[in-house]
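Here's the structure, in structure tokens; my notes come after.
The values are calculated or read from the model by the stated rules, or taken from the named source; none is laboratory data. This one's a predicted model, so the numbers in the text were calculated from it and none came from an experiment. Counting neighbours? That spans all protein chains shown, and the Cβs are built from the backbone with ideal geometry, glycine included.
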């Protein structure tokens, strides 16, 4: 076996291991999501949209088991996905569509035994805990690249054939479900459900993109050298010069691009305005930085000099 074949085999083995690890992680996350659903969402009628939320409504109206409704609706949606979206989209959701209702059914008896032991009198506290665990589980599921199907499939179909953006599609579908829940369970439960939904989506964002620990600055200034000096010598961070040309003035100059830690954000912003009150800058949250001349590297660089 030559070196290239050997390296290809290693890469293939590592890829398989990665897939298996993701699959195990996905299964555990789906189990956590189902357990949280039975422990916090179903007993308190927290409806946050999707087939799971619709299952709570159907249970209240027709006394149909939530796992059965989720399983049947999931099967129907998988067929629709296969017809309208193709196998590639369906393959990402089919495992979750099978596992989720199965885990909802399996974890229901355990959740029913644990819930009376919680002794939590505050519905708000139940909403916070339920929303946090829901967001954690969903975030971990999305991070593996799989989904549990449900309203995500319906959203993609609406997006593809109704020409409605995915965000608006999922918002519209979930809004209709939550309005029905508001009519059925009352305004109080509707408000608690919104709290659960907000915590859930916030947690998902934090897991998928992380917490912003720095700010990204783009600065157009006449005092380029002063700002560069302050960045490199006082804040000990790197800076990149981007060639720019004014759209109106046609004047050529540099735009400074730099990443500044959150704790230095206000200090640096004030310094920029102190150096150049007419400076134009754009600031964005920065979730991840890799490579480049970081704080540690710059400190080492100065020491070598």
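The residue that is farthest from residue 230 (Cα to Cα), among those in the range 250-278 that are in a strand (DSSP E or B) and out of contact with any helix residue (DSSP H, G or I) (no Cβ under 9 Å at 6 or more places or on another chain), is 252.
Quick check on residue 28: is it part of a helix (DSSP H, G or I) and surrounded by 17 or more Cβ atoms within 10 Å (Cβ to Cβ)?
Details: part of a helix (DSSP H, G or I): yes; surrounded by 17 or more Cβ atoms within 10 Å (Cβ to Cβ): no.
So residue 28 fails the test.
Comparison of 106, 164, 118, 154 shows that the only residue that is at pLDDT below 90 and over 25 Å from the mean Cα position of the chain (by Cα) is 118. Would you check if residue 191 is modelled with pLDDT of 90 or more, touching a strand residue (DSSP E or B) at 6+ places or on another chain (Cβ under 8 Å) and part of a helix (DSSP H, G or I)? In short, no.
Before we move on, is residue 211 under 22 Å from the mean Cα position of the chain (by Cα), modelled with pLDDT under 90 and buried (at least 17 other Cβ atoms within 10 Å of the Cβ)? So that I can check it myself, show each step before the final result.
Values: under 22 Å from the mean Cα position of the chain (by Cα): yes; modelled with pLDDT under 90: yes; buried (at least 17 other Cβ atoms within 10 Å of the Cβ): no.
Criteria not met by residue 211.
Determine whether residue 53 is modelled with pLDDT of 95 or more and under 20 Å from the mean Cα position of the chain (by Cα). Spell out the reasoning first.
Working: modelled with pLDDT of 95 or more: yes; under 20 Å from the mean Cα position of the chain (by Cα): yes.
It is true that residue 53 is modelled with pLDDT of 95 or more and under 20 Å from the mean Cα position of the chain (by Cα).
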